[in-house]
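The values are calculated or read from the model by the stated rules, or taken from the named source; none is laboratory data. The structure displayed is predicted, hence computed values, not measured ones. With ideal geometry, Cβ positions are generated from the backbone for all residues, glycine too; neighbour counts draw on all protein chains shown.
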Amino acid sequence: MAKKVLIMTQNFYPVIGSSGNRMKNIYQLLNENGIDADVLTTEPAYPNKNMYKDSKFWDEESLNNEDYKIIRVPIKNNRFQNHILSRLFFYLEIMYRFLLELWQLRKNNYDYILVSTPPIFIVFSAFVGKYVLKSKLILEVRDLWPDSLIGVKTFNNKPIIKLFQFLEKRMYRLADSIVINSIGFYDHIKSKLKQDKPINYIPNGPRQHEIVEQKQYHDEFSVVYTGNLGLAQDIDHLKLAAKLLHDKNIRFDVIGYGVRTEEFADYLKENSLDNVYMHQPTTRKQSLELIKNSNIAIAFLNDEEVFSTVLPGKIIDYMTCKTPIIAGVKGTAAEMITSNNTGYTFEQKNVQAIVDKIVELKNDEAEQQELGENCIRTVKKHFLWENNITKLIDIIK
């Protein structure tokens, strides 16, 4: 009899971004490999609930026809208000609604619950579900929390942070297995455990059909940035990069979403940066198409130490599209780029050096091509979902 798995996640198809795409791939590939996987998630709302009224985001018919396996709970509160209490009530509502749904699912005989964090509050409901459903629990860690909360400096109440850190330890210790999407998380999580426990590295990545073998460029040399414009992405340095690229008459395309998107768009208008093209959030397919049409891709991360452990999904997307990376990052992301020769990394504050390197590459098509080939080779070797899903299948079987 096939093993049964319930995937619990806040973000799932058609939600844009690395998290939604990751959980979609896990769901599809488990079912394709003989494991009966269902999903418990929320109605799509990130970054804007009204976005998903557009049918273009619902672009996978096979998933649109699987309502019997994909359970979407409605949420009344709006997570995307900046006030910390508003977000807290949002997460508490998700936890409450997931608990109600888990009670309804108690007779489904799930062998495993796979829960994705952050947010940590969904994990609390999963631990209750572990006992209600009599299942084992796989904890999938996509971000180090609450360290990332401290890193973006939006919350500094020390007693509550200490409580969160205690809950983080309990979360790791109560899980039966742990999955991480960045090797940089390994030492941190290992230090929180009392005894040995499997920690499995399964990175974000593309599906085989998404690999770009042949580039299709814009008519002009262009640079691209895609993804979150939030507190972790160092938008101030991205603004400066946009200004310097404009001054060099280099086209810069940005597909951005997140809490600082409006601030970034206002900066472009105020400074008349008419060589910078701001695109609305769009589907993964269209986003990859824009990256494929670009010569160079850039990324920035906040300089706080916690973000040195992160491997942003956008960097793997850039490599998937055979697009060399110039990044203001350190730690895990920088090591991956430099060790595989898929681009160049700099201190994130050294924006001038980043732009100078872009100008240098603009005049060196041979190196652009070499870096692009290294991108594809690296993705095929380390990041293909069709290969890496076997690690999760081994845990379950």
*Could you say whether any residue in segment 365-378 is more than 28 Å from His237 (Cα to Cα), of a type in the set (S, T, N, Q) and under 20 Å from the mean Cα position of the chain (by Cα)?*
no
*Please name all residue pairs, on different chains or six or more residues apart, with Cβ atoms under 6 Å, provided the first residue is in segment 5-17 and is at pLDDT below 95 and the second residue is part of a strand (DSSP E or B).*
Gln10/Thr42
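Return yes or no: is Asn228 within 26 Å of Ser148 (Cβ to Cβ), among the polar types (S, T, N, Q) and out of contact with any strand residue (DSSP E or B) (no Cβ under 9 Å at 6 or more places or on another chain)? It would help to see each step written out before you state the result.
Details: within 26 Å of Ser148 (Cβ to Cβ): yes; among the polar types (S, T, N, Q): yes; out of contact with any strand residue (DSSP E or B) (no Cβ under 9 Å at 6 or more places or on another chain): no.
Here the answer is no, as Asn228 does not meet what is asked.
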*Return the pairs, sorted by first residue and then second, in which the second residue is modelled with pLDDT of 95 or more and buried (at least 23 other Cβ atoms within 10 Å of the Cβ), the first residue lies in segment 22-48 and is in a strand (DSSP E or B) and β-branched (Val, Ile, Thr), the beta carbons are less than 6 Å apart, and the residues are 6+ apart or on different chains.*
Val39/Ile7; Val39/Phe12; Val39/Tyr27; Thr41/Thr9; Thr41/Phe12
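Of all residues in segment 215-230, which are surrounded by fewer than 17 Cβ atoms within 10 Å (Cβ to Cβ) and either touching a residue at least 24 places away in the same chain (Cβ under 8 Å) or not assigned by TED's automatic domain parsing to the domain that holds Ala241 (or both)?
Within segment 215-230, the first condition is being surrounded by fewer than 17 Cβ atoms within 10 Å (Cβ to Cβ), and the residues that meet it are 215-220.
Matches in segment 215-230: Lys215, Gln216, Tyr217, His218, Glu220.
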*Considering each of Ser294, Ser287 in turn, give the residue that is touching a strand residue (DSSP E or B) at 6+ places or on another chain (Cβ under 6 Å), part of a loop (DSSP other than H, G, I, E, B) and crowded, with 20+ Cβ neighbours inside 10 Å.*
Ser294
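If you check Phe264 against the conditions, is it farther than 28 Å from Leu384 by Cβ, of a type in the set (Phe, Trp, Tyr), outside the structural domain of Ser182 (by TED's automatic domain parsing) and in contact (Cβ under 8 Å) with a residue 40 or more places away in the chain? Spell out the reasoning first.
On the way: farther than 28 Å from Leu384 by Cβ: yes; of a type in the set (Phe, Trp, Tyr): yes; outside the structural domain of Ser182 (by TED's automatic domain parsing): yes; in contact (Cβ under 8 Å) with a residue 40 or more places away in the chain: no.
Criteria not met by Phe264.
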*Considering segment 209-262 alone, what residues qualify as being assigned to a helix (DSSP H, G or I) and more than 21 Å from Val355 (Cβ to Cβ)?*
His209, Glu210, Thr261, Glu262
*asked:* Restricting to segment 343-376, give me the number of residues that are assigned to a loop (DSSP other than H, G, I, E, B) and touching a residue at least 60 places away in the same chain (Cβ under 8 Å).
replied: 2
*Any residue in segment 297-307 that is in a loop (DSSP other than H, G, I, E, B), over 18 Å from Gly258 (Cα atoms) and modelled with pLDDT of 95 or more?*
no
*Going through segment 1-21 one residue at a time, which ones are closer than 23 Å to Met51 by Cβ and part of a loop (DSSP other than H, G, I, E, B)?*
Thr9, Gln10, Asn11, Phe12, Tyr13, Pro14, Val15, Ile16, Gly17
*From the set of residues in segment 319-363 that are charged (D, E, K, R) and within 26 Å of Lys381 (Cα to Cα), which is surrounded by the most Cβ atoms within 10 Å (Cβ to Cβ)?*
Lys322
*Just for segment 1-17: of the residues that are surrounded by 23 or more Cβ atoms within 10 Å (Cβ to Cβ) and either among the aliphatic types (A, V, I, L, M) or out of contact with any helix residue (DSSP H, G or I) (no Cβ under 7 Å at 6 or more places or on another chain) (or both), which one is nearest to Gly313 (Cα to Cα)?*
Ile16
*Which is β-branched (Val, Ile, Thr), under 20 Å from the mean Cα position of the chain (by Cα), modelled with pLDDT of 95 or more and in the same structural domain as Leu245 (by TED's automatic domain parsing), of Thr338, Thr320?*
Thr320
*Looking only at segment 343-383, count how many residues are touching a Gly at 6+ places or on another chain (Cβ under 6 Å) and closer than 19 Å to Ser182 by Cα.*
1
_Residue count, segment 269-325 (criterion: in contact with a Lys or Arg (Cβ under 7 Å, 6 or more places away or on another chain) and among the hydrophobic types (A, V, I, L, M, F, W, C))_ = 3
*Has segment 78-92 got at least one residue that is farther than 18 Å from Gly258 by Cα, of a type outside the set (S, T, N, Q) and either in contact with a helix residue (DSSP H, G or I) (Cβ under 7 Å, 6 or more places away or on another chain) or surrounded by 17 or more Cβ atoms within 10 Å (Cβ to Cβ) (or both)?*
yes
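I need a count of the residues in segment 18-52 that are acidic (Asp, Glu), over 20 Å from Ala126 (Cα atoms) and crowded, with 19+ Cβ neighbours inside 10 Å. If you could, list the steps in order and put the result at the bottom.
First, pick out the residues of segment 18-52 that are acidic (Asp, Glu): 32, 36, 38, 43.
Going one step further and asking which of them are over 20 Å from Ala126 (Cα atoms), we end up with 32.
Narrowing the set further to residues that are crowded, with 19+ Cβ neighbours inside 10 Å leaves none.
Qualifying residue count for the region: 0.
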